[in-house]
Amino acid sequence: MNVLEVKHLTKKFPTFLLDDVSFFLERGKITGFIGRNGAGKSTTLNSLFHFVHPDNGEIRFWGENILDNEREIKQRVGFVSSGINYYPNKKLKVISDITKSFYEDWDEEAYRRYMELFNLDEKKTPKQLSAGMKVKYALALALSHRAELLILDEPTSGLDPVSREELLEIFMFLSDEGKTILFSTHITSDLEQCADQIIYIKDGVIQADSNFDTFVSGYSMIRYEKGTLDGELEDCLISAKRTRRGMVSLIKAEDEPRFVGKATIMEASLESIMVHLESEETVWVN
């Protein structure tokens, strides 16, 4: 049984449409939800819990409809949104004591363990925490009520590289323990370290839902001098951009043989794929 199944999720705003979004999550996997700012990531995640009310679609956690079993499901899910806010001058102990009262399966021993693991001091206030420590505190709360699924909206946004690295290590540790993680991000380098699956959304539409390695290996990058490719080869380019060292383009991996001897073929990173796929058409930068 899948941990989460989303089918035909739709939400229409005056200037944006989340259009027929469908995907599922498997137990113990880390799934990266990628797309540029405004693509629909936060709208999708907030719709899962009806913080945003979708117009259409079905959402099931462990086979159960969220509308029929909201309270029970939320006991098993940890949700950390971007821009985490707590009462800035309340001590963490006070916030934790209030939080635990909402959960039937609160594990005090686990709470103490995660607070120690994340080097969090209950005597401090949210105002005294860095952005990275606030995320860790939110994770500690989610894990202490034995959340089996973690849904995180831009958890690494605004963090320094060291803090991001620490969080990614935590995600992989939790995955090894059987936790399922879905997190949205536009920092694609984070996903290259830890993601098992990739969901890519553009303009409110899911463009790809794939195993990470399968997705990345489906593309290649090439470098060449402007004007050296004939029209037939130019038709194979997904997009092209000028760099200090010549032109670079994204192509499908299956088209590699056509460019042998005519361009330098390179591996594509997740970031380079996303940047080029976001281009509506071939772009020549003069």
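Every number here is computed from the coordinates shown, using simple stated rules; none is lab data. If you're wondering where the values come from, they're calculated on a predicted model, not measured in any experiment. We place every Cβ from the backbone using ideal geometry, glycine too, and count neighbours over all the protein chains shown.
List of remarks:
- Region 130-280: mean projected area of Cα convex hull, nm²: 10.8
- Added length on full extension, which subtracts the Cα-Cα distance from 0.36 nm per residue, F16 to D68: 15.9 nm
- For region 128-284, a crude dipole built from +1 on the beta carbon of Lys and Arg and -1 on the beta carbon of Asp and Glu, taken about the Cα centre, is about 460 debye to the nearest 20.
- Debye intensity ratio in log₁₀ form over the Cα atoms of region 190-242, taken at each q of 0.28 Å⁻¹: -1.09
- Shown here is the pair-distance distribution of the chain: with all Cα-Cα distances grouped in 10 Å bins from zero up to the longest one, the shares run 6, 26, 29, 22, 11, 5, 1 percent.
- Total charge dipole magnitude, region 4-215, about the Cα centre, Cβ charges on Lys, Arg, Asp, Glu only, Debye to nearest 20: 840
- Directionally averaged shadow of region 219-277, computed from the convex hull of its alpha-carbon atoms, nm²: 3.6
- Restriction of the chymotrypsin sites (Phe, Trp or Tyr not before Pro) in region 193-258 to DSSP coil positions whose beta-carbon has at most 16 other beta-carbons within 10 angstrom yields no sites.
- Ascending count of other beta-carbon atoms within 10 Å, so fewest first, for V162, V205: V162, V205
- Scanning the chain for DSSP H helices at least 15 Å long along the axis (C-alpha atoms) with a Kyte-Doolittle mean no lower than 1.0 picks out 131-144.
- Listed residue (L159, N37, I198) projecting farthest to the positive dipole end of the chain, Cβ model: L159
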